[in-house]
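All remarks here apply to the structure that follows.
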There are 2 protein chains.
Amino acid sequence: MFKSLAEAKQFAADKMKKNMLFGTDRFVCDVYCFEPGQTQAPHTHDGQDKVYYVVEGRGLFQVGNEEKELGAGEMALATSGQNHGVSNRSQQQLVVLVFITPNPSH
Amino acid sequence: MFKSLAEAKQFAADKMKKNMLFGTDRFVCDVYCFEPGQTQAPHTHDGQDKVYYVVEGRGLFQVGNEEKELGAGEMALATSGQNHGVSNRSQQQLVVLVFITPNPSH
């Protein structure tokens with residue numbers, strides 16, 4: 001019931017790396033790690049809401065028709081049906097805490 | 001759909017201050033701010049899961065019969081029915097990002 005984001009944080013050379021921190025029927029909480037240039041392509045969840053919280057680095061976040069660069073301590077919400085994606089166009093690694101509710105895998 | 005935790009962060013002299021960042025039927029995301037000595041008394045949510053993510057400072061987190069001191073980047077999960085609470089026994093301010101799902105106010 002206790003976790004450390006530092007221990008779950010992990011990067012991959014080929015694509016954005018996603019590791020789960022917590023998951024129940026009601027939600028999943030992941031850490032997403034982006035090397036410079038890596039992205040999460042815009043997509044939609046039907047019936048789930050998703051929150052991004054930037055832990056370190058900077059990323060370009062798209063939600064619906066809006067796009068904003070967010071840094072540490074900044075957040076984005078994509079509600080059910082809203083297109084959303086992330087792009088690390090910076091030269092630094094980007095770490096994002098992610099909540100999706102309810103859990104799309106359950 | 002974009003928020004800054006720094007803008008929502010707010011302390012109160014009399015008790016732990018809770019400000020909402022995002023909320024839908026599916027979840028609520030708050031920031032909890034504790035001055036030294038302030039606490040969130042142990043309590044239980046029936047039918048909701050709750051995640052704490054420590055943004056700054058250190059706090060003593062209780063979940064069920066376990067208790068652990070957590071610092072920045074550390075997390076706790078209290079699932080439905082599990083008793084949970086937070087105590088800032090440090091000399092620094094404590095800031096915690098909190099997700100509860102589904103939203104207990106809806």
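The values are calculated or read from the model by the stated rules, or taken from the named source; none is laboratory data. Being a predicted model, the structure only gives us computed values, none of them experimental. Here the Cβ positions follow ideal geometry from the backbone for every residue, glycine too, while neighbour counts run over all protein chains shown.
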For this session: Please go through segment A:19-38 and pick out each residue that is surrounded by fewer than 16 Cβ atoms within 10 Å (Cβ to Cβ) and either basic (K, R) or farther than 19 Å from B:F99 by Cα (or both).
Result: A:P36, A:G37
Seminar exercise, completed: The condition of being closer than 16 Å to B:K3 by Cα, out of contact with any helix residue (DSSP H, G or I) (no Cβ under 8 Å at 6 or more places or on another chain), surrounded by 17 or more Cβ atoms within 10 Å (Cβ to Cβ) and among the polar types (S, T, N, Q) holds, among A:T79, A:T101, only for A:T79
Exercise. Pairs, please: C-beta under 6 Å, at least 6 apart or cross-chain, first residue more than 13 Å from chain B (Cβ to nearest Cβ) and in segment A:24-48, second of a type in the set (K, R) and not in a loop (DSSP other than H, G, I, E, B)?
Worked result: A:Y32/A:K18; A:C33/A:K17
Exercise. When residues of segment B:1-19 are filtered for being within 12 Å of another protein chain (Cβ to nearest Cβ) and without any contact (Cβ under 8 Å) to a residue 40 or more places away in the chain, how many remain?
Worked result: 7
Exercise. In segment B:4-14, is there at least one residue being at pLDDT 95 or above, farther than 27 Å from A:Q62 by Cα and not in a loop (DSSP other than H, G, I, E, B)?
Worked result: no
